[in-house]
Amino acid sequence: MQHSVSKQKEEGITERSAWLRMLSVVVPLYNEEENIGELHRRLTDVLSSIGLNYELIYVDDGSTDGTPELLGELSRTDDRTVVLILRRNFGQTAAFAAGFDIARGDVIITMDGDLQNDPADIPKLLSRINDFDLVSGWRKERKDPYFSRRLPSMAANWLISRVTGVRLHDYGCSLKAYRREVVKSLRLYGEMHRFIPAVASWYGVSVTEVETTHHPRLRGKSKYGLSRTIKVMLDLITVKFLQSFSTKPIQFFGPLGLGCGFIGFSLSLYLSLRKILFGESIGGRPLLLLSILLIIVGIQLIGMGLISEMLVRVYHESQKKPIYVIKEILGQKEK
Ligand code: UDP
Ligand code: MG
């Protein structure tokens, strides 16, 4: 074990190139007072052995225990430590986003603050960052309860990989390494941090994964339960919608609306003909209700598509945000 870790470190060092001068490590912490001391010791050990300049960014996500005080202490005694204290508990995604905004490193590493991720895996992630823009950890042997955590997560991973088309084994692993440009262009919402690889890969970011060690939580409590699965599913719907239709929402709502409207119109036409030609009474027929419903839903869906089209324009034009991402421009002359 010890041997393989030091071998990975060497690989990381030999393959590293000149662009990588500084590392930022972002760790979100919510009521983790029992873990901070050891976390900081182990992170410092690993990072100083890598031999690059680094900063440690601890984000206190509105903890109600001794976490902010302990972090304050660390920031005073260690000048490579930066501490962000959020006003209240905003959630892990927001804590990551806050850390990303102030990170100065060329590569930004994220991990959980409960020591379930192992700082010793950082060199392993770094050894791939020269070839990929994003390296994601894969907790191959995950040490969490089976029914409440691993089973739902297996189902979620399978579904996310199908729906987003980004093939990873483990979306939930916080231990990841990003090149600076990747996190600086990301806008995170909701519980979206697990979808970063998927979102990033639409921008053409190259993604790979490496196996990492995972430990059971020894101290402190997990902040999540089964209910997270539902949130993840809802976020997945959002992500899929944005992935496929964010610049052309009418193409999503339009066909549904036209389909409903057409069926509704045909049904009402059929009923009207029976009434006109055969003098049948149609007032009590359930089909009449259905046809009215479908016509209204169809009109609503198309209206929604048109409103979304306007929103897309407002969004992109007000922020001067293009609908493409340029990697680099070659051969442009200075004015
Ligand atoms: N966390 C956070 N804000 C929250 C919930 C969690 O910053 O609202 C942090 C938490 O302190 C830990 C990491 O996110 O460092 C992962 O949380 P946890 O270990 O509870 O998740 P699990 O490993 O059980 O999925
Ligand atoms: Mg954990």
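Read the figures in this text as sums done on the coordinates, not as results from a lab. Just so it is clear, the structure is predicted and the values come from calculations on it, not from any experiment. Glycine also receives a Cβ, built like all others from the backbone with ideal geometry; neighbour counts cover every protein chain displayed.
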Residues Ser268, Ser48, Ser318 in order from fewest to most other beta-carbon atoms within 10 Å are Ser318, Ser48, Ser268
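Which of the peptides 24-30, 36-42 is most tightly packed, and how do the rest follow, going by the mean number of other Cβ atoms within 10 Å of each residue?
Values: 24-30: 26.6, 36-42: 16.9.
Put in order of decreasing packing, that is 24-30, 36-42.
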Under 18 Å from the Cα of Lys240 - lysines, other chains or at least 8 residues apart: Lys231, Lys248
For the chain, the longest principal axis of the Cα atoms and the Cα long axis of helix 33-50 enclose an angle in degrees, to the nearest 10, of 70
Compute the angle between helix 250-278 and the longest alpha-carbon principal axis of the chain, please, reported from 0 to 90 degrees and rounded to the nearest 10. 20
Output the 0 to 90 degree angle, nearest 10, between the alpha-carbon long axis of helix 286-318 and the longest principal axis computed from the alpha carbons of the chain. 40
Distance in nm between Trp158 and Ile299 label points, each 7 Å along Cα→Cβ, equals 4.4
Going by C-beta contacts inside 10 Å, put Cys173, Cys260 in order with the fewest on the left. Cys260, Cys173
Per-residue [θ]222 nm for the chain (sum of -39500 (n - 2.57) over DSSP H runs n ≥ 4, rounded to 500): -16000 deg cm²/dmol
Could you list Arg76, Arg88, Arg180 in order of exposure, starting from the residue whose Cβ has the fewest other Cβ atoms within 10 Å? Arg88, Arg76, Arg180
Full extension from Lys275 to Phe245: what is 0.36 nm times the residue separation minus their Cα-Cα distance, to one decimal in nm? 6.6 nm
Listed by chain and number, the residues whose amide H is under 5 Å from that of Glu55, excluding neighbours fewer than 5 places away on the same chain and using placed H, are Leu23, Ser24, Val25
If amide H atoms are built 1.01 Å from N in the plane of the peptide, which residues on other chains or at least 5 residues away come under 5 Å of the amide H of Glu209? Ser136
Hits in the stretch 308-328: amide N under 19 Å from the 7 Å Cα→Cβ extension of Trp19, namely 325-328
Evaluate the chain: find the radius of gyration of its Cα atoms, find its Kirkwood radius, and give the ratio Rg to Rh. 1.12
